[in-house]
Amino acid sequence: MMSVISKYKKPTPPSSDTRWKLLEATMRRHGYKASSLIECLHTVQEAFGYLDEDAMRYVAYSLRVPLSKVYGVATFYHFFTLKPQGRHTCVVCTGTACYIKGAGNLIAAIEKKYDVKPGETSADGELSLLTARCFGCCGLAPAAVIDGEVAGKLTPDEILERIEKKVKSHDNAS
Ligand code: FES
């Protein structure tokens, strides 16, 4: 058993996104113990706004728990959101720095234009709106992640424009 453990390779994060560092810090703080699973999933959710398969695999591998258990926990507790089904995803940071710099106005603008509330997907399936608590890039406040791209110092007009661009590029591609 020892030899298996000593050969264990430290897993690498699914991408170079700096938000994985927040998760790594949580895992390290808990000594990569399986018992910290909920805590770790919380960190992912707070940083990304939802849990997707890559994140759950990474947590499972890092804590050495079966992926099925991670899915079990993620789907059992209502406070976890699995990756939304909208064609596009906008996660607005509502951490303190972003909140002070107007994250609420960004959310209000999106709600109005797409008729969608945080945690929901628009009726046409085009956009899922999510919120997260601090991406770890507070200097960019107010920040949002739109389809995986971090955008900072946003105004309501700018965030709507960025979302619109994503929606249009999708329309053109299809
Ligand atoms: S509070 Fe928004 S990135 Fe830190």
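The values are calculated or read from the model by the stated rules, or taken from the named source; none is laboratory data. As the structure is a prediction and not an experimental result, all values here were calculated from the model. Cβ: placed from backbone, ideal geometry, glycine included. Neighbour counts: every protein chain shown. All accessible areas refer to the heavy atoms of the entire protein, side chains included, with ligands and DNA or RNA removed. Shrake-Rupley method; radii C 1.70, N 1.55, O 1.52, S 1.80 Å.
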Kindly indicate the residue of segment 131-150 that is touching a helix residue (DSSP H, G or I) at 6+ places or on another chain (Cβ under 6 Å) and more than 18 Å from Y50 (Cβ to Cβ) and also modelled with the lowest pLDDT among those meeting that condition.
C138
Please state which of the following conditions V116 fails to meet, knowing it meets all the rest: (1) buried (at least 16 other Cβ atoms within 10 Å of the Cβ); (2) within 12 Å of the ligand (Cβ to nearest atom).
(2)
When the residues of segment 70-104 are narrowed to those that are loosely packed, with under 14 Cβ neighbours inside 10 Å and more than 19 Å from A47 (Cα to Cα), which ends up farthest from the ligand (Cβ to nearest atom)?
G72
Can you spot a residue in segment 126-141 that is more than 27 Å from E24 (Cα to Cα), more than 14 Å from the ligand (Cβ to nearest atom) and not assigned by TED's automatic domain parsing to the domain that holds A34?
yes
The residue that is modelled with the highest pLDDT, considering only those in segment 22-57 that are touching a Pro at 6+ places or on another chain (Cβ under 8 Å) and either open to solvent by 10 Å² or more (accessible area, probe 1.4 Å) or in the same structural domain as T94 (by TED's automatic domain parsing) (or both), is E24
